[in-house]
1. Test of understanding: in a Gaussian network model of the chain with alpha carbons linked when under 10 Å, which of GLU117, GLU158, GLU280 would top the mean-square fluctuation ranking?
2. Starting from the residue with the highest accessible area, list THR9, THR143, THR94, THR284 in decreasing order, probe 1.4 Å.
3. What is the percent carbon and sulfur in the accessible area of the chain, measuring with a 1.4 Å probe over the protein chains and ignoring ligands?
4. Would you mind getting me the FRET efficiency between ARG272 and LYS200? Use the beta-carbon distance for r and R0 = 25 Å, nearest 0.05.
5. For the chain, what is the Kirkwood estimate of the hydrodynamic radius, computed as the reciprocal of the mean inverse distance between distinct Cα atoms, to one decimal in Å?
6. Please work out the C-alpha center-to-center distance from region 1-69 to region 114-178 and express it in whole Å.
7. Using a Gaussian network model of the chain whose springs link C-alpha atoms within less than 10 Å, name the residue from GLY138, GLY116, GLY104 with the highest mean-square fluctuation.
8. For the chain, what is the accessible area per residue in Å² when the probe is 1.4 Å?
Amino acid sequence: MEVSNNYITMKGHIDGKPKEDDFGIKASQLSLSVEPGSNHIIVKNLYVSIDPFQINRMKSFSSLQESAKFAPDLTPDKVIDAYGVGKVVASGNTDFEKDDLVVGLLIWGEYSVLKGEYWLSKLDPMGFPLSYHVGILGMSGLTAYSGFFEVCKPKKGEKVFVSAASGSVGNLVGQYAKLFGCHVVGCAGSKEKVAFLKEKLGFDDAFNYKEVTDLKATLKSGVIAEYTDAGKRAAPNMLDVVYKSITIQGFLLGDYFHIFQDFVTTTSDHLRAGNMQAIECISTGLNSIPQAFIGLFRGDNIGKTIVKIADE
């Protein structure tokens with residue numbers, strides 16, 4: 001059987017804020033079969049992750065392209081890979097069979113054709129919606145979990161401030177911190193988001209940074225603002241760092257894949273017990289990917305941005 005495989009591409013490198021005309025849709029004919037004995041796999045994409053860090057792969061240059069092996073630079077007019085969930089439609093790899101649900105590195109497209117080395121594993125949904133495995137039980141969840149517990153190393157009763165607290169990672173950091181026994185304060189960019197943090201997620205306090213005139217610009221926006229504005233620098237006054245004994249540490253998610261199973265077990269237990277919520281912003285259809293991605297930089301989303309490509 002042969003199908004037309006539609007996929008999203010970028011028309012050229014993107015060095016500022018992304019716009020809809022930066023992206024296009026291409027199509028290629030695809031035979032839904034593989035050579036027996038090969039390691040090739042064809043996956044029907046069901047849900048794909050929409051992440052702000054991708055903009056740094058789309059630039060003509062960024063430091064991410066040098067430091068993160070799992071996120072190399074993207075080439076105009078080629079497929080854009082992204083974390084996602086799908087279903088195997090053909091496999092030459094004996095570890096995967098037709099109709100297996102899988103999670104890993106797919107593409108912003110209808111089908112992913114995986115050859116050579118690829119990052120893919122079978123998925124046990126564990127009774128949760130498939131979208132959870134793109135967000136709260138996926139890379140966004142692991143980022144929040146490892147950043148909070150492994151990097152911050154919190155103590156019960158401490159005060160935790162979360163910037164971009166209504167975003168895909170921030171809302172989870174706040175939820176983990178509350179469960180751990182910390183006093184949690186968050187900031188967001190609208191009254192609606194502030195109300196959501198306090199009323200739905202149980203933050204101890206939250207404020208709209210757009211209404212606070214004496215905050216530093218870096219506190220207002222977090223590091224993601226630097227992705228599309230080279231003039232912004234998310235760094236506090238260095239004298240404050242010294243006199244307040246502040247510790248600053250960056251981290252890459254790839255350094256914490258070894259705790260993935262602990263993270264999934266802990267988080268799924270919280271979900272089953274009703275202690276955590278999966279906050280998702282899901283749009284439907286391949287055509288909605290550019291707008292979903294652009295919306296990240298306008299603050300359109302609450303929670304994890306995901307695009308549903310197809311039904312299972």
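The values are calculated or read from the model by the stated rules, or taken from the named source; none is laboratory data. Keep in mind that this is a model prediction, so the values were computed, not measured. Cβ atoms come from the backbone with ideal geometry, glycine included; neighbour counts cover every protein chain shown. SASA here: full protein model, heavy atoms, side chains in, ligands and nucleic acids out. Shrake-Rupley method; radii C 1.70, N 1.55, O 1.52, S 1.80 Å.
1. Of GLU117, GLU158, GLU280, the Gaussian network model singles out GLU117 as fluctuating most.
2. Working: THR9 5, THR143 40, THR94 130, THR284 105 Å².
Largest accessible area first, the list is THR94, THR284, THR143, THR9.
3. Numbers: 7880 of 15590 Å².
Roughly 51 percent, rounded to a whole number.
4. Values: r = 19 Å, r/R0 = 0.76.
In this case the efficiency is close to 0.85.
5. Values: mean 1/r = 0.0486 Å⁻¹.
In the chain this quantity evaluates to 20.6 Å.
6. Centre-to-centre distance over Cα atoms comes out at 23 Å.
7. Highest fluctuation of the listed residues: GLY116.
8. Details: 15590 Å² over 312 residues.
Dividing the accessible area of the chain by its residue count gives 50 Å².
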